[in-house]
1. Could we say that Ala51 is open to solvent by 30 Å² or more (accessible area, probe 1.4 Å) and either within 18 Å of Gly160 (Cβ to Cβ) or assigned to a strand (DSSP E or B) (or both) here?
2. Which one of the conditions (1) out of contact with any Pro (no Cβ under 7 Å at 6 or more places or on another chain); (2) modelled with pLDDT of 95 or more; (3) outside any loop (DSSP other than H, G, I, E, B) does Thr151 fail to meet, given that it meets all the rest?
3. Is one or more of the residues making up the range 14-21 closer than 20 Å to Gly143 by Cβ, out of contact with any Ser or Thr (no Cβ under 6 Å at 6 or more places or on another chain) and among the charged types (D, E, K, R)?
4. When you look at Val30, is it part of a strand (DSSP E or B), touching a Gly at 6+ places or on another chain (Cβ under 9 Å) and surrounded by fewer than 18 Cβ atoms within 10 Å (Cβ to Cβ), yes or no?
5. Please verify whether Tyr133 is within 23 Å of Leu6 (Cα to Cα), in contact (Cβ under 8 Å) with a residue 40 or more places away in the chain and of a type in the set (Phe, Trp, Tyr), treating the condition exactly as stated.
6. For the range 90-147, what are the residues that are over 16 Å from the mean Cα position of the chain (by Cα) and assigned to a loop (DSSP other than H, G, I, E, B)?
7. Return the pairs, sorted by first residue and then second, in which the second residue is part of a helix (DSSP H, G or I) and among the aliphatic types (A, V, I, L, M), the first residue lies in the range 95-122 and is over 13 Å from Ser148 (Cβ atoms) and open to solvent by 20 Å² or more (accessible area, probe 1.4 Å), the beta carbons are less than 8 Å apart, and the residues are 6+ apart or on different chains.
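The values are calculated or read from the model by the stated rules, or taken from the named source; none is laboratory data. Just so it is clear, the structure is predicted and the values come from calculations on it, not from any experiment. All Cβ positions, glycine included, derive from the backbone under ideal geometry; neighbour counts span all protein chains shown. Just so you know, the surface numbers come from the protein's heavy atoms only, side chains and all, with ligands and any DNA or RNA stripped out. Shrake-Rupley method; radii C 1.70, N 1.55, O 1.52, S 1.80 Å.
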Amino acid sequence: PPPGKLASAVPFSLPDGAGTVTPIPAGEIVLKPDLKIVVEGKRVALPGPLAFLPGKGGTLTLDGKGYRGELRVTATQKSLQVIDVVGLDAYLLGVVPGEMPKEWPAAALQAQAVAARSYALASIVKNRPYDVYSDTRSQVYYGVAAESPSTTAAVKATRGQILTYGGKVVTAFYYSSSG
């Protein structure tokens, strides 16, 4: 795959696999499988995994798509693996608007938030360095670009709410065209 372009409108930081934190100025850097980046005009090789952390009040973008949380980058053979490390509700901010129209009633959006939260917890991916897939194998995760005030309000209004049965989290199956 081609190199990725990681950017931020505000300065951000980069802890590497050795624990060294490199400050990164606002702007764009190119990520390649060799984990070498250009910082202030110098090409630097860093031990992986790399953990790009957003600066205060900012988000990170990868190839133009915005993400909350840390972007953890590892080299796997001749490609890169990038994982968005976010809390559950921050993840839902990018899921709920992809699963239900943001114009739907608040109660429907809240029900979707509870179902999506439950599904995520009940469907954690095993034996991988991540908990969920970003596509239909788990739930489609669109990141920051999809967020809207109505779906964000639904996630916040239902914080911590999940569906359970017999003391276990329910795998709350749903599909986008089910009404």
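1. So Ala51 fails the test.
2. For Thr151, the failing item is (1).
3. no
4. Criteria met by Val30.
5. no
6. Answer for the range 90-147, where residues must be over 16 Å from the mean Cα position of the chain (by Cα) and assigned to a loop (DSSP other than H, G, I, E, B): Met100, Pro101, Lys102, Glu103, Trp104, Pro105, Ser123, Lys126, Asn127.
7. Gln110/Ala154; Gln110/Ala157; Leu121/Leu88
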